[in-house]
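Down below is the structure, laid out as structure tokens.
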Amino acid sequence: MPSHILPVTNPNLHSSKQHSYLRIDPTTMPLKQDDPIASTRLVSSPFEDETIISVRPLLSRTPSFAGTTTTSSSASYQQRRRRVASENSLSSLSDESIGQRQSLAREVDRAAPETFLLTRLGLKLLRYMGVGYRWIMRFLALGCYSLMLFPGFIQVGYYYFFSGRVLRSIVYGDQPRNRLDLYLPKNTDGPKPVVAFVTGGAWIIGYKAWGSLLGQQLSERDIMVACIDYRNYPQGTMSDMVEDASEGISFVCNKVAEYGGDPNRVYLMGQSAGGHIAACALVEQAIKEAGEGGSTTWSVLQIKTYFGLSGGYNLFNLVDYFHSRGLYRSIFLSIMEGEESLRRFSPEVIVQDPNLKKAVSLLPPIVLFHGTADYSIPADSSKSFAETLQSVGVRAESILYDGKTHTDLFLQDPMRGGNDRMFEDLVSIIHSDDREAQAKDEVAPPRRRLVPEFMLQLAHRVSPF
């Protein structure tokens, strides 16, 4: 029986011949007219490049006579399969979404008690560390207080960072944080009086930028301001803070003329803890000049007046009070280098030493501002220091402001704008020998308001100071 030979393409050929041939051997698999070809043995042609190629059946095993009925049935079957597959897919997606929600709910249920436990342990840890209920409540009050004054902070911060009349971070010494900010008056028609200002911060969080509001407003009255930064606890202790402040004062006294300041009209000022640090630096410098200490780089005679704002000057009277307010005795004594150093850092006590009369006589006039509603440092602190200074022959006075808190005089009142009694008292003393400046002060426009009144009232109520 002759072989049935069919041509097939062979891609492996590299010669000019493009075809091989499919030969069906009837002896191994006879062909029937009504049966499909179940398998086929491919035998190459007798040509020299023939190879054996295995191929899969080209036709399905379904009978060929099914015709259109089979085709229709197959199409319907395929549609059912697609529909079932789609339903299964949607079902699986729905199950997956439900599973994710259930998983999230389980994670929330598991996280809630853990969060509560961690919070409770955190509060207990703070209590064991000495940061108890008072500090926690004051921290919350501080957050509310800051929120009420936030509009003012934004405006002051913008001036601080973007004004061309603020020279930031001028280096005055070799120690860390020996930097100061200089606020220059807009009018440069001659040497200007200078206030060397030491900011407060409970000896722990003091920073030169805290004086930016005072610096801005005094510079508008033709007064230059140098805000002195210093090391805080635990980076430094009280002697380091006094050393830094003294170094900053020395820079102002000796270098301020290069920036347009008048070295013959230098005023020293400090607020809160900064008032205490500046007073200690002033008294220590007087002792050195009287021959009781080391060399000096500046003189108390260069300081026209010392201004203390809401400061404390007798630590023996304050250590227990601070403890009751949350600045615990152990921490405070660490800052002050032990109980044996309380006398050294109490200016009110030092000036009463009969052996230091010569040093005390060198002190400049001293003016102490304080609010009667100050609960951070009682107003009696300034009143008592002024009386003690007067008793030893120093020109001193305390000016008390009824109903003012620790921060009213320094933040809320300046942000209120208009007439500020403490600010006007300060400016009038600085300009007391300058008739031209006094004339300008009389016609000076009122300071603009930075914070709405209702927010200032709320800040006054929630203030932790």
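The table below lists the values:
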{"item": "The stretch 167-187: number of residues that are of a type outside the set (Asp, Glu) and within 21 Å of the chain's Cα centre (by Cα)", "result": "7"}
{"item": "From Val256, Val283, Val252, residue being under 27 Å from Leu342 (Cβ atoms) and of a type in the set (Val, Ile, Thr)", "result": "Val283"}
{"item": "Count of residues meeting criterion [open to solvent by 20 Å² or more (accessible area, probe 1.4 Å) and part of a helix (DSSP H, G or I)] in the stretch 229-244", "result": "3"}
{"item": "Flag for Val242 being hydrophobic (A, V, I, L, M, F, W, C) and within 23 Å of Pro365 (Cα to Cα)", "result": "yes"}
{"item": "Any hit, the stretch 380-399, residues being more than 23 Å from Phe150 (Cβ to Cβ), modelled with pLDDT under 95 and open to solvent by less than 80 Å² (accessible area, probe 1.4 Å)", "result": "no"}
{"item": "Wholly within the stretch 245-351, helices (runs of 4 or more DSSP H) carrying at least 1 residues that are surrounded by fewer than 17 Cβ atoms within 10 Å (Cβ to Cβ)", "result": "315-325, 329-335"}
{"item": "Residue match in the stretch 235-252 (condition: among the hydrophobic types (A, V, I, L, M, F, W, C), in contact with a Gly (Cβ under 7 Å, 6 or more places away or on another chain), over 27 Å from Asp374 (Cβ atoms) and touching a residue at least 24 places away in the same chain (Cβ under 8 Å))", "result": "no"}
{"item": "Qualifying residues in the stretch 155-164 (those that are part of a helix (DSSP H, G or I) and open to solvent by less than 90 Å² (accessible area, probe 1.4 Å)) - the one farthest from Glu453 (Cα to Cα)", "result": "Tyr160"}
{"item": "Qualifying residue in the stretch 345-359 (condition: at pLDDT 95 or above, of a type outside the set (Ser, Thr, Tyr) and more than 29 Å from Gly291 (Cβ to Cβ))", "result": "no"}
{"item": "Positions within the stretch 145-172 being in contact with a Gly (Cβ under 8 Å, 6 or more places away or on another chain) and either modelled with pLDDT under 95 or hydroxyl-bearing (Ser, Thr, Tyr) (or both), in sequence order", "result": "Tyr172"}
{"item": "Residue match in the stretch 427-434 (condition: surrounded by fewer than 11 Cβ atoms within 10 Å (Cβ to Cβ) and of a type in the set (D, E, K, R))", "result": "no"}
{"item": "Residue in the stretch 448-465 that is crowded, with 16+ Cβ neighbours inside 10 Å, among the aromatic types (Phe, Trp, Tyr) and in a loop (DSSP other than H, G, I, E, B) present", "result": "yes"}
{"item": "Among the residues listed as Gly190, Gly206, the single one being part of a loop (DSSP other than H, G, I, E, B) and either under 25 Å from the mean Cα position of the chain (by Cα) or crowded, with 24+ Cβ neighbours inside 10 Å (or both)", "result": "Gly206"}
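The values are calculated or read from the model by the stated rules, or taken from the named source; none is laboratory data. Since this is a predicted model, take the numbers as computed values, not measurements. Here the Cβ is made from the backbone with ideal geometry for all residues, glycine too, and neighbour counts use every protein chain on show. All accessible areas refer to the heavy atoms of the entire protein, side chains included, with ligands and DNA or RNA removed. Shrake-Rupley method; radii C 1.70, N 1.55, O 1.52, S 1.80 Å.
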